[in-house]
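For reference, the structure is listed below as structure tokens.
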Amino acid sequence: MSWILENADLTEKQVICSSASARTRDRLGKFCFALCGINMTSLLALLTLFLFNKTAEKRKKFDLRSSYQVRENADVLKIMLPLSIFETFCYGIFSLYGGLIYKFHNQLPAVTSQILLTSGYVVPYYTLVSPIIFSYLIRRSRRMRVTRMKEMTNRKDEAESYIQMCTEMWNRPVTKKN
């Protein structure tokens, strides 16, 4: 953050009540684009993990450790992927909008340029909505886990429940002997 504010020229006339000079705004814009790039990179990493999990689930041979890891990855991805998509969307919109305003700010009056830039500032909306999305995802994950546990415990007999649980854990089909 100090890189953004270093050598700020505070003698420059400002349109709004702000201590941001033109150089500070330029550096802040670069910082915003860097954050957008980091968000896109993390989204790509999560999508790669998601695809890896899907291919791992399709494999028929599992050991207990990799089966557990795939299941844990799937549980984490159910929370992280929607949040990462939302974050990348918000920062992408903010970066594109800010980039367009920056590109045409010389052709607009200073006040209009600043009003447009301020109106496209989506970070407060992101800050407001992301905890709501996060709490919804956590509640949904808990409900799914409770449902899964109820399904495992509501078997006809204990032997069937144990066999079915082992089958799901090892992800191997078990044939019943009559």
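Miscellaneous remarks
Here's the yes/no breakdown for (1) farther than 19 Å from GLY37 by Cβ; (2) free of Cβ contacts under 8 Å to residues at least 60 places away in the same chain; (3) surrounded by 15 or more Cβ atoms within 10 Å (Cβ to Cβ):
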position	(1), (2), (3)
GLU87	no, yes, yes
ILE93	no, yes, yes
TYR97	no, yes, yes
PHE104	yes, yes, no
GLN107	yes, yes, no
ALA110	yes, no, no
LEU117	yes, yes, yes
TYR125	yes, yes, no
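- The single condition from (1) at pLDDT 85 or above; (2) surrounded by 15 or more Cβ atoms within 10 Å (Cβ to Cβ); (3) over 16 Å from the mean Cα position of the chain (by Cα) that PHE52 fails is (2).
The values are calculated or read from the model by the stated rules, or taken from the named source; none is laboratory data. Since this is a predicted model, take the numbers as computed values, not measurements. Cβ: placed from backbone, ideal geometry, glycine included. Neighbour counts: every protein chain shown.
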